[in-house]
1. In percent, how large is the relative contact order of segment 70-142, given Cα pairs closer than 8 Å and 6 or more residues apart?
2. If you average 1/r over every pair of different alpha-carbon atoms in segment 125-187 and take one over that average, what Kirkwood value in Å do you get?
3. Which of the residue pairs Lys63/Lys94; Lys63/Lys113; Lys63/Lys111; Lys63/Lys99; Lys27/Lys99 have a Cα-Cα distance greater than 21 Å in the structure shown?
4. Between Asn151 and Ala18, what is 0.36 nm times their sequence separation minus the Cα-Cα distance? Round to one decimal in nm.
5. Counting only residues 5 or more places away or on other chains, whose amide H sits under 5 Å from the amide H of Leu132 once H atoms are built in the peptide plane?
6. Please list, in chain and number order, the residues 5+ apart from Thr51 or on another chain whose amide H is under 5 Å from its amide H, with Hs placed from the backbone.
7. His104 to Glu52: extension gain in nm, 0.36 nm per residue of separation minus the Cα-Cα distance?
8. With a ≥ b ≥ c the root eigenvalues of the C-alpha gyration tensor of segment 71-187, is it rounded (a/c under 1.5), prolate (a/b larger than b/c) or oblate?
Amino acid sequence: MDHSVDKELAGWPHSRVAVNGSMSKWKPVTSGVQHGLVQGPVLFNIMERGTECTLSQFANHTKLCGAVNMLEGRDAIQRDLDRLERRTGANLMKFNHAKCKVLHLGHGNPKHKHRLGREWLESSPEKDLGVLVDEKLNMSQQFVMAAQKANCILGCIKRSMASRSRVMNLPLYSAFVRPHLEYCVQL
């Protein structure tokens, strides 16, 4: 699959897809940035300027971190959230509000409410690059989920393979089960 981008037509960039030499019709790209375009990292870095709190970014994930031991910290985080929402809107990008969560850490944390735009953010354990961590930095839920997923896959292999031969099943186990059990074991 190949993505092509044409110059702006009617104020919007247009894009089409080529598969095996056949081209789709040009369609306007009205938000976001296509994967692989040079503009992606540039627009992503626009968000970083002027934040009071720590902003961490990886691929298309953004994390805003700050201490809220005083009201000034809570207000700084909210100002940065407002700033980020304005910048993404001005650049025709948007956050997926359903995926935006607040992770409160530390004993005696006042667990202030924050909003992104007009929507209040839910407070919940955080999944960071596929790893579930709670407010006490406990990963036990992650381990349970990994074991359940590995067990389900192991059951599928057992039900679908007539042979119980080690030569047949070991490669399947190594390829499909073990990665779930080994992911993030360093932590």
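1. Values: 66 pairs, mean separation 18.9, N = 73.
It rounds to 26 percent for segment 70-142.
2. Details: mean 1/r = 0.0773 Å⁻¹.
One decimal place: 12.9 Å for the Kirkwood radius.
3. Details: Lys63/Lys94 15 Å; Lys63/Lys113 16 Å; Lys63/Lys111 17 Å; Lys63/Lys99 12 Å; Lys27/Lys99 27 Å.
Too far apart for the 21 Å limit: Lys27/Lys99.
4. Values: separation 133, 0.36 × 133 = 47.88 nm, distance 3.99 nm.
Full extension of this stretch gives 43.9 nm more.
5. Under 5 Å from the amide H of Leu132: Gln142.
6. Sorted by chain and number, the residues that satisfy this come to none at all.
7. Working: separation 52, 0.36 × 52 = 18.72 nm, distance 1.83 nm.
Extra length from His104 to Glu52 when fully extended: 16.9 nm.
8. Details: a/c = 4.01, a/b = 2.34, b/c = 1.72.
Here segment 71-187 falls in the prolate category.
Every number here is computed from the coordinates shown, using simple stated rules; none is lab data. Predicted, not measured: the structure shown is a model, and the values here were computed from it.
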